[in-house]
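**Student:** Take a look at this one; I'll ask things after.
The values are calculated or read from the model by the stated rules, or taken from the named source; none is laboratory data. Model, not experiment: these values are computed from the prediction. Don't worry about glycine lacking a Cβ; one is built from the backbone with ideal geometry, like all the others, and counts go over all protein chains shown. These accessible areas exclude ligands, DNA and RNA; they are computed on the full protein's heavy atoms, side chains included. Shrake-Rupley method; radii C 1.70, N 1.55, O 1.52, S 1.80 Å.
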Amino acid sequence: MTNHWIDIANSDCIFIIGSNAAENHPISFKWALRAKDKGATIIHVDPRYTRTSQHADVFARLRSGSDIPFFGGLIRYILANNLYFKDYVVNYTNASFIVSDKYDFKDGLFSGYDAEKRAYDKSSWSFARDDAGQIKKDPTLRDPRCVFQILKAHYDRYDMKSVSSVTGTPTADLQKVYQTYAATGKPEKSGTMLYAMGQTQHTVGVQNIRAMSIIQLLLGNMGVAGGGINALRGEANVQGSTDQGLLFHILPGYIPTPNAAMPTLAEYNAKNTPATKEPQSANWWGNRPKYMTSFLKSMYPNQEADVSYDYLPKLEPGKDYSWLSLFDVMLGGAFKGFFAWGQNPAASTANANKTREAMTKLDWMVTVNMFETETGSFWKGPGMDPKKVKTEVFFLPCAVSFEKEGSISNSGRWMQWRYPAQAPRGDSKPDGDIIYELFEKIRGLYAKEGGAYPDPIKNLNWDVATNHAFDPHKVAKLINGYFLKEKTLKVGDADKTFKPGDPVPSFALLQTDGSTCSGNWIYSGSYTDKNNAARRDKTQTPMQAKIGLYPGWTWAWPVNRRVLYNRASVDPQGKPYQPEKAVIAWQDGKWVGDVPDGPWPPMADQKGGKSPFIMTTEGMGLIFGPGRNDGPLPEHYEPLECPVGDNPFSKQLHNPTALKFAGPTEVHASCDPRFPFVCSTYRVTEHWQTGVMTRNSPWLLEAEPQMFCEMSPELAKMRGIQNGEKVILESTRGSLWAKAIVTERIQPFTVLGQTIHQVGIPWHYGWTWPKQGGDSANILCPSVGDPNTGIPETKAFMVNVRKA
Amino acid sequence: MEWNRREFLKIASATTAVTAFGGLGFDLRPAYAEGQAAKLKFTKQSTSVCCYCSVGCGLICSTDKDGKGRVVNIEGDPDHPINEGALCPKGASHYQLGNNDRRIQKVLYRAPYSENWEEKSWDWALDRIARKVKEARDGSFVTKDAKGRVVNRCEGIASVGSAAMDNEECWIYQAMLRAMGLSYVEHQARI
């Protein structure tokens, strides 16, 4: 989230798309309803009518997988009716930038496409520069090659009629949504966009989010109270685990993982440190070498950073190591061992049968959980003969959240400290102790016996325990960072000398010379003279009270800033666009309110002022976004399994760069009469993820005991299915049973003149428990993914439904 | 803080009892109030944050002072500015995670081709896992790629997990995996 949960109450219009917030983030809805009480409008766009729709002032249906046409139509509507916030667009976004002559878009493909590689050469998606290297601009936004005009031309095809024919949304509903939301383009109005996996689990997932970002930038909704792009994340600490770099492509703090083309730290820094000629750009990632060196010093405090850089594994450039690829490689037999730590991939991975088979190719698996899972017990699951499965499995029981101490980070980036309330049950242990003890053993073996490249193991900073017990405070201090050498630095206007061991007060003081360590620069400031994540101080200034800002309650990254890009909430003189709900304001030569996005004076100050989007190289909001793998502007492509043979917007039916695999488990059914219905997976209030914790909690299981399938009365009639009957769902990848829920919440769509039916299924079930609960919806889902993130397309695929 | 919460509970017990127990034909208010008071008297309270979705609702855990130190109740924290004491059904069921006979309480081991789990000690399991890790790492370690570039990768082990861990646990987990040279490091955020 750029903003935070309480901030939803500040909004004038809450646009929920790809999320069922009322059921899946129930307490978030307290704040949506509080906004509604104050006169805000709630818009819900979804394939299905849910409890979120029930609270919405405007509800519109769309077919799963048609979000970009829906958004494209909105962008066209905003531009055609001059409803954008012009000053904001000119001053704070790249709308005025002149795009390179070489950039082109023709019939669904951007310039630079290589059909053989199924990838783009992105070099033409760039800007024209003058002799000084500065980007050419046209602040009048009239130049036909400026971003604004290119945007206009791109979305000209997305007229209401074409959009409606693809999304299945009646034009009257489109009109209502567009008109309502575009009204937030007025400077004094703010609109927020809330989304969840309904936007990301598509082969165009990243471009869905890009489309929302473009809309928010056009309407001036970024950085303001009640605005922003807000991902309602699905796990208590999935924000934190992402921040801590548990993904192949990032180290902690969003530092890119090194690859083989960057053999030294100097070359790594040269390739990963952006530079700009724009005089007012803060270009914050220009500081990356400080964060990388400080990270290396946290891992290996006694080594030179150049040496510990060698210790880090290097990826093969251009190779994908993401989730779906991992299981594809596992199926090929390339892994001996596998850790499934606090996770249940046998139920949570798209194409679950493939995943379960892949596990039979392992020599060993270590799995850590509280309850039996489909992963740990895969060898005795449906269709498996244990006598033929070689995999050795270790099940390590772990503590629950209130049996240990440490912090988690919510969607609003609040790092919140938790305390133990009881001892771990039985022999179970906190994950931290399991990791600590396991690595002690591994280190011991390398110390005693040597082995392949032992240095990174032997030298790793493993001072993470006190009296042989994992010590979260010690690690939290390391993540925050401290000085390793005495150093005198300017803090404000005065010099301050820091001694070895002193906590780094903020990432602004991290160094490239090895005098500081910080496990994760964005958490610098979280654990200083005290543990800021444990704070419970509700003191507010009157300005902060107006927008529900609690700067003394826990701590938010970065630097306790609660609303990101808040410099865009004020005009270039520093005056809030929305004085009644100001986030920051420039008063008497300083900022008041939230922690501003950098200490500099407002942008109108030619000498010291900075542009608001400090994490982008040019300091501007990216309407034209050159960094993605599938284009600088969102374009509609059908899901890899879809019910239509044509795309009215271009000749490209599918995303030409989508992540896919070869093999018998990878057959896709588009317009295949055997699999005529669109299917989408979702969640229910009483269950969570694969259901391991909630299926084993009796109160919750009683409320939602088994797998079901929601379908329209029309579809039920066509297939002769009665409400409550058992049905079979099947895709090219597998089949499963569910109880039919025949409901008007689901209705057929008219798409390109045909009637298209959609069904919906929850994905929380698994064969281990309860015995009559059904199995994972992911058995049906395809292993195809977004070309940027690799997130699987589990929100739109094709199935058949029949009576059992 | 502590005093405020107690005050809140007093008020809450007086007001909610009327709506919750009204219409039964007899007055449960004194019993309800006594229950609330007993909770404060016989338990130690600590704060926590919900382990389910990412809203981050505050919890109050009540731990039995005199018994076995078990949690006897978990409810929403009225002081927490996000949830203001409220919880959804999942949040309200936390108690059943701590007191649940379906929890696995022993280290379990399944030998190759076996049809059963066996109970093992931590020491036995961690020793064997460490040995397996070392064998797999030493056997699959790649110093240079096909183009002769230094990569220092362990290619024979993959890991997924976990958003279910605390930040500090996630950090040391990534440190361990990267020190071992793993590249296939993924977790819930990807799916």
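**Student:** Compare the Cα positions of A:Pro505, A:Thr273, A:Phe371 along the charge dipole of chain A (+1 at Cβ of Lys, Arg; -1 at Cβ of Asp, Glu; about the Cα centre) and return the one farthest towards the positive end.
**Tutor:** Sorting the options by dipole projection puts first A:Phe371.
**Student:** Still on this model: When only C-alpha pairs under 8 Å and at least 6 residues apart count, what is the relative contact order of region B:42-103, in percent?
**Tutor:** Working: 111 pairs, mean separation 16.4, N = 62.
The normalised contact order for region B:42-103 reaches 26 percent.
**Student:** How much accessible area is lost when chains B and A come together, counting both sides, with a 1.4 Å probe, in Å² rounded to the nearest 100?
**Tutor:** Working: alone 14450 and 32780 Å², together 34390 Å².
Buried area (both sides, nearest 100 Å²): 12800 Å².
**Student:** Same structure again: Given the rule -39500 (n - 2.57) for each run of at least 4 DSSP H residues, summed and divided by the residues of the protein assembly as shown, what is its mean residue ellipticity at 222 nm, to the nearest 500 deg cm²/dmol?
**Tutor:** On the way: 30 runs with 270 residues, N = 995.
Calculated from helices alone, the mean residue ellipticity at 222 nm is -7500 deg cm²/dmol.
**Student:** What does a probe at A:Trp699 reach in region B:86-130, counting residues whose amide N is under 12 Å from the point 7 Å along Cα→Cβ?
**Tutor:** B:87-99
**Student:** May I pose another question? Just how far, in whole angstrom, is region A:180-245 from region B:75-90 if you go by their alpha carbon centroids?
**Tutor:** Taking the Cα centre of region A:180-245 as reference, the centre of region B:75-90 is 25 Å away.
**Student:** To two decimal places, what compactness ratio does region A:332-432 give when its Cα radius of gyration is scaled by 2.2 N^0.38 Å? Show your work: numbers first, answer last.
**Tutor:** On the way: Rg = 16.1 Å, N = 101, 2.2 N^0.38 = 12.7 Å.
The value comes to 1.27.
**Student:** Also, I was wondering about something else. When the accessible area of the protein assembly as shown is computed with all protein chains present and a 1.4 Å probe, what percentage of it is carbon and sulfur?
**Tutor:** Working: 17590 of 34390 Å².
Of the solvent-accessible surface of the protein assembly as shown, carbon and sulfur hold 51 percent.
**Student:** Same structure again: Once amide H atoms are built 1.01 Å from N in the peptide plane, which residues 5 or more positions from A:Tyr113, or in another chain, come under 5 Å H to H?
**Tutor:** Under 5 Å from the amide H of A:Tyr113: A:Asp121.
**Student:** Lysines within cross-link reach of B:Lys39: Cα-Cα under 19 Å, excluding same-chain residues under 8 positions apart?
**Tutor:** Partners found: B:Lys10, B:Lys65, B:Lys68.
**Student:** So for chain A, taking the charge dipole from beta-carbon charges (+1 Lys/Arg, -1 Asp/Glu), which of A:Ser165, A:Ser28, A:Tyr765 sits furthest toward the positive end?
**Tutor:** It is A:Ser28.
**Student:** If you don't mind, another one. Hey, can you rank A:505-512, A:140-147 by average C-beta count inside 10 Å, highest first?
**Tutor:** Numbers: A:505-512: 19.8, A:140-147: 17.1.
Taking the mean over residues of other Cβ atoms within 10 Å, the ranking is A:505-512, A:140-147.
**Student:** Looking at this model, which pairs from A:Lys277/A:Lys297; A:Lys122/A:Lys271; A:Lys739/A:Lys795 are more than 26 angstrom apart at the alpha-carbon?
**Tutor:** On the way: A:Lys277/A:Lys297 31 Å; A:Lys122/A:Lys271 16 Å; A:Lys739/A:Lys795 20 Å.
Beyond 26 Å: A:Lys277/A:Lys297.
**Student:** If you don't mind, there's one more thing I want to ask. Which pairs, out of A:Lys314/B:Lys132; A:Lys660/B:Lys120; A:Lys136/A:Lys496, put more than 32 Å between their alpha-carbon atoms?
**Tutor:** Numbers: A:Lys314/B:Lys132 23 Å; A:Lys660/B:Lys120 41 Å; A:Lys136/A:Lys496 42 Å.
Exceeds cut-off: A:Lys660/B:Lys120; A:Lys136/A:Lys496.
**Student:** Rank by packing, highest mean first: peptides A:460-470, A:404-414, A:423-433, A:82-92, with packing defined as the count of other Cβ atoms within 10 Å averaged across residues.
**Tutor:** On the way: A:460-470: 15.3, A:404-414: 26.7, A:423-433: 20.8, A:82-92: 19.2.
Ranking the peptides A:460-470, A:404-414, A:423-433, A:82-92 by packing returns A:404-414, A:423-433, A:82-92, A:460-470.
**Student:** State to the nearest 20 debye the size of the charge dipole of the protein assembly as shown about its Cα centre, where the only charges are +1 on K and R beta carbons and -1 on D and E beta carbons.
**Tutor:** Numbers: 115 positive and 105 negative charges, 67 e Å.
Approximately 320 debye in magnitude.
**Student:** Something else about it: Can you grab the distance from the C-alpha centre of region A:681-699 to the C-alpha centre of region A:438-464, Å, no decimals?
**Tutor:** Result: 39 Å between the Cα centres.
**Student:** Given +1 on the Cβ of Lys and Arg, -1 on the Cβ of Asp and Glu, and no further charges, what dipole in debye does region A:648-695 carry about its Cα centre, rounded to the nearest 20?
**Tutor:** Numbers: 5 positive and 3 negative charges, 11 e Å.
With only Lys, Arg, Asp and Glu charged at Cβ, the dipole is about 60 debye.
**Student:** When DSSP beta bridges are limited to those with both residues in region A:677-803, what percentage is antiparallel, rounded to the nearest 5?
**Tutor:** Given both bridge residues lie in region A:677-803, the antiparallel proportion sits at roughly 65 percent.
**Student:** If Lys and Arg each add +1 and Asp and Glu each add -1, what is the summed charge of the other residues whose beta carbon sits under 10 Å from the beta carbon of A:Gly548?
**Tutor:** On the way: positive: A:Arg34, A:Lys546, A:Arg562, A:Lys581; negative: A:Asp7.
With Lys, Arg at +1 and Asp, Glu at -1, the net is +3.
**Student:** Could you tell me which of A:Thr2, A:Ile14, A:Ala56 has its Cα farthest along the dipole of region A:1-129 towards the positive end, charges placed at Cβ (Lys, Arg +1; Asp, Glu -1), taken about the Cα centre?
**Tutor:** A:Ala56
**Student:** Can you give the translational diffusion coefficient of region A:709-804 in µm²/s, computed by Stokes-Einstein from the Kirkwood radius over Cα pairs at 25 °C and 0.890 mPa s? Each step should come with its number before you reach the end.
**Tutor:** Values: Rh = 14.3 Å.
Estimated diffusion coefficient is 171 µm²/s.
**Student:** Hey, which aspartates and glutamates would be in cross-link range of A:Lys36, C-alpha to C-alpha under 16 Å, not counting anything within fewer than 8 residues on its own chain?
**Tutor:** Excluding near neighbours in sequence, the set is A:Asp7, A:Asp12, A:Asp57.
**Student:** Let me ask another. Counting only other chains, and only Cβ atoms inside 10 Å, what mean value do you get across the residues of A:260-267?
**Tutor:** Per residue, the number of nearby Cβ atoms from other chains is 2 on average.
**Student:** Now a separate question. What angle, in degrees between 0 and 90 and rounded to the nearest 10, separates the Cα long axis of helix B:29-42 from the longest principal axis of the Cα atoms of chain B?
**Tutor:** 40
**Student:** While we're on this one: Give the accessible surface of region A:5-231 per residue, rounded to a whole number of Å², with probe radius 1.4 Å and ligands, DNA and RNA excluded. Each step should come with its number before you reach the end.
**Tutor:** Working: 7550 Å² over 227 residues.
For region A:5-231, the solvent-accessible area averages 33 Å² per residue.
**Student:** Okay, next question. Sort A:766-777, B:122-133, A:683-694 for me by packing, meaning the mean count of neighbouring Cβ atoms within 10 Å per residue, highest on top. It would help to have the intermediate numbers written out before the result.
**Tutor:** Details: A:766-777: 19.8, B:122-133: 17.7, A:683-694: 24.2.
Descending packing order for the listed peptides: A:683-694, A:766-777, B:122-133.
**Student:** I would also like to ask the following. With all distinct Cα pairs included, what does the Kirkwood hydrodynamic radius of chain A come out to in Å, to one decimal, could you say? Mind showing how you got there, number by number?
**Tutor:** Numbers: mean 1/r = 0.0359 Å⁻¹.
Mean inverse Cα-Cα distance, inverted, gives 27.9 Å.
**Student:** Return P(r) of region B:108-191 (all Cα-Cα pairs; 10 Å bins starting at 0; whole %; ordered from short to long distances).
**Tutor:** 15, 34, 38, 12, 2
**Student:** Treat each spin label as a single point 7 Å out from the Cα along the C-beta direction, and report the A:Ala545 to B:Asp127 distance in nm.
**Tutor:** 6.4
**Student:** What's the longest bit of chain B with no exposed GluC sites (Glu not before Pro), using DSSP loop states and at most 15 other Cβ atoms within 10 Å as the test?
**Tutor:** Values: sites that count: B:Glu84, B:Glu115.
Result, exposed sites excluded: B:1-83.
**Student:** Moving on. Mind checking the angle between helix B:167-180 and chain B's longest principal axis? C-alpha axes, 0 to 90 degrees, to the nearest 10.
**Tutor:** 10
**Student:** How big is the antiparallel share of DSSP beta bridges in region A:13-143, given as a percent to the nearest 5?
**Tutor:** Working: 7 of 16 bridges.
DSSP beta bridges in region A:13-143 are roughly 45 percent antiparallel.
**Student:** Using alpha carbons only, how many angstrom separate the centre of region A:340-410 from the centre of region A:22-68?
**Tutor:** First find each Cα centre; the distance between them is then 35 Å.
**Student:** Same structure, new question: Taking each residue in A:376-384, count the Cβ atoms of any other chain within 10 Å of its Cβ, then average. What number comes out? Numbers along the way, then the final one.
**Tutor:** Numbers: counts 4, 3, 1, 5, 5, 0, 0, 0, 0.
That average works out to 2.
**Student:** Given charges of +1 on the Cβ of Lys and Arg and -1 on the Cβ of Asp and Glu, with all other atoms neutral, how large is the dipole of region B:42-103 about its Cα centre, in debye to the nearest 20? The partial results should precede the final answer.
**Tutor:** Details: 7 positive and 7 negative charges, 70 e Å.
It comes to approximately 340 debye.
**Student:** Out of residues 5 or more away from A:Cys709 or on other chains, whose amide H comes under 5 Å of its own, with H placed 1.01 Å from N in the peptide plane?
**Tutor:** Correct list: A:Lys739, A:Ala740, A:Ile741.
**Student:** Across peptide A:630-637, what mean number of C-beta atoms from other chains lies inside 10 Å of a residue's C-beta?
**Tutor:** Numbers: counts 0, 0, 0, 0, 0, 0, 0, 0.
That average works out to 0.
**Student:** Counting DSSP beta bridges in the protein assembly as shown, what percent are antiparallel, to the nearest 5? Spell out each step's value before the answer.
**Tutor:** On the way: 74 of 121 bridges.
For the protein assembly as shown, the DSSP antiparallel bridge percentage is about 60.
**Student:** Let me ask you something else. Whole number in Å², please: accessible area per residue of region A:478-529, 1.4 Å probe, ligands, DNA and RNA not counted.
**Tutor:** Details: 2210 Å² over 52 residues.
Result: 42 Å² per residue.
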